[in-house]
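Please read the structure below before turning to the comments.
The values are calculated or read from the model by the stated rules, or taken from the named source; none is laboratory data. Bear in mind that the values here come from a model prediction, so they are computed numbers and not experimental data. Quick reminder, even Gly has a Cβ in these numbers, built from the backbone with ideal geometry, and neighbours come from all protein chains shown.
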Amino acid sequence: MSITDVDPLSLAVIRGRLEQIADEMDTVFERMAFSPVISDAWDRADGIYSATDGSMIVQGIRGLPIFVGTMQYTVASVLKIVREPRPGDTYLVNDPFAGGTHIMDTKLVRPYFYKGKLFAMLANTGHWTDLGGRVPGGFAAQASDCYQEGLRIPPVRLFTEDTLNTDILAILQTNSRLPDDIMGDVEAQATALRVGDERLTELLDEYGPELVSNVIALLRERSALQMRSYIRDIPDGAYSFTERMDNDGINDEPLDVSVRLTVSGEEMTLDFSESSAPCEGPMNSVYAATVSSAIVAIKHVFPDIPINSGIFDPLSFVIPETVFLNAKPPRPVAGCAAETSQRIITAVMGALAAALPDRVPAGSSATSNNLSIGGVDEDGEQFVMYTFLGGGYGGHQSGDGLSNGCSLMSIGLIQSVETLEQRYPIRVHQYSLRDGSAGPGTFRGGLGVHFEFEYLGKQGRASLLGDQSRTAPVGRMGGQPGAASAPWFRLQGKTVTLPMVSKGENVRITQGDLICMLTPGGGGYGDPARRSKQAMAEDVAAGYTQST
């Protein structure tokens, strides 16, 4: 039997079952996790991968898109060190330089056997709230090497035939400010993989490994063909765009994410070699995250391509080690996944806009405003609060941009106000759309967010790792930019901005202090003069834009 013998009904049913398995893994992980950033904000992903090279077979539709590419690199790194995998073995890795993102994104990888034969790999990623480092939550804006960011773990066997290695667990818990959360998240991730193991066995029992393998191969082939067809629609040529980041957290100099897309027939090369050099601060990206971010950008423009490793086939990447988008140890990389990744996305979309102006929206909020606070609560227990925020999406050819959209590399949500106030010593004063933040255009951008809260604890330390405070989301086709990020702190009655504006660490806060995040609004699409006067008047009256 070959892939040409797969009938359409089997293809549709097995594809749906594979996707359902990944989705159920996501749900189990989410429901069991202790960390609110996983359970409430969905900062996680699960998938099924090739046992040969780690390439992606399927990922859950509710998993973070940034993990689309990175987890297959992580699985490949595990396969390199596994000599004799056994059923029930599960490997732990969070090393950014082994196919990861930043240290807090922790992966478990489990070989899957069917009737004694290795068939696939199951893997998931979850953002653990704290794994040590110089600041609570790990987002050290002034870290100058990766050792200051937390406990870095190469691929190690955490479970042996489903028995937990308590020695490794003890190391993890001892190096975290939240040891109980570590235990809960380990069990949640491992259980999700065991559920995937059970469901995949049910699928193979029903349809047989040969048919399922052929469906997997056919799905990959079809994704590659679909990607090639979209690339053929792009006129041959070279298209460039540069995004400018605020700074690296240590040196107050901008960083350029520069990409040159070269399209030839049905193949595309993405060249990042003109980007800034590796930086001293934590805004460096690793190779896997840069590639994955570029894929997410392409998926924003061509959303109907099924997610599997076939989407990589027509693409080539040039990311030399001379740029900060292919950092090597000991470079710090805390801002890799939530900040630099988003500017890679907007840079690639900007280059695509030069070729396909009708398909690419105006610039969107491209910062997560990673905010973490550590301290001691009223019960005398250590806590670490981590949250991130959405912002406005750009206007597009057929309508206004989305307000309070999630991060471009994510489907993550802000944790609910109720969860934040219950778990941490804060009181939220305002969580609303940000007045006047939308960029005017024929179709205006979406609004950013105004998130303001009071600290109720006695003492604490706040750290912020964000961006886009000095370069706003761009307008397209004559549209105007949206508002830039504008965080501020009110410390002992005095309103201050951080020296680097969007970045700072270990800011001492006391009871009654306020922290406010004002996130970017989306850029406008098209000449504002072409928007109806009534719509423009309504925009101003509702506070969407500043003026007509």
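Brief remarks on what is shown
- The criterion of at least 3 residues that are among the aromatic types (Phe, Trp, Tyr) is met by none of the strands (runs of 3 or more DSSP E) wholly inside segment 223-319.
- Residue check, Pro330 surrounded by fewer than 24 Cβ atoms within 10 Å (Cβ to Cβ), in contact (Cβ under 8 Å) with a residue 60 or more places away in the chain, under 27 Å from Ser437 (Cα atoms) and not hydrophobic (A, V, I, L, M, F, W, C): no
- In a residue-by-residue description of segment 174-183, the property of being closer than 23 Å to Ala76 by Cβ and touching a residue at least 12 places away in the same chain (Cβ under 8 Å) applies to no position.
- Scan of segment 1-43 for residues that are within 20 Å of Arg222 (Cα to Cα) and acidic (Asp, Glu), ordered by number: Asp5, Asp7, Glu19
- Scanning segment 376-396 for residues that are over 19 Å from Pro520 (Cα atoms) and either modelled with pLDDT of 95 or more or acidic (Asp, Glu) (or both) yields Asp377, Glu378, Asp379, Glu381, Phe383, Val384, Met385, Tyr386.
- Leading residue by the ranking (nearest to Trp42 (Cα to Cα)) among those in segment 106-127 that are basic (Lys, Arg) and in a strand (DSSP E or B): Lys107
- Reported count of residues in segment 520-534, each being in a helix (DSSP H, G or I) and loosely packed, with under 14 Cβ neighbours inside 10 Å, is 4.
- The residue pairs whose first member lies in segment 397-419 and is among the hydroxyl-bearing types (Ser, Thr, Tyr), whose second member is outside any loop (DSSP other than H, G, I, E, B), and whose beta carbons are closer than 6 Å, counting only pairs six or more residues apart or on different chains, are Ser403/Leu433; Thr419/Pro36.
Table: residues versus (1) of a type outside the set (Asp, Glu); (2) farther than 22 Å from Phe159 by Cβ.
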| position | (1), (2) |
| --- | --- |
| Pro36 | yes, yes |
| Asp40 | no, yes |
| Tyr49 | yes, no |
| Arg62 | yes, yes |
| Val78 | yes, no |
| Thr90 | yes, no |
| Thr101 | yes, yes |
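- Residue within segment 141-163 that is closer than 18 Å to Tyr49 by Cα, touching a helix residue (DSSP H, G or I) at 6+ places or on another chain (Cβ under 7 Å), crowded, with 16+ Cβ neighbours inside 10 Å and not charged (D, E, K, R) present: yes
- Cβ pairs under 7 Å, 6+ apart, first in segment 117-133 and surrounded by fewer than 24 Cβ atoms within 10 Å (Cβ to Cβ), second in a strand (DSSP E or B): Leu118/Pro111; Phe119/Tyr112; Phe119/Phe113
- The residues in segment 267-286 that are buried (at least 17 other Cβ atoms within 10 Å of the Cβ) and touching a helix residue (DSSP H, G or I) at 6+ places or on another chain (Cβ under 9 Å) can be counted, and the count is 9.
- When residues in segment 333-387 are screened for being in contact with a strand residue (DSSP E or B) (Cβ under 7 Å, 6 or more places away or on another chain), among the charged types (D, E, K, R) and closer than 30 Å to Gln422 by Cβ, 2 of them pass.
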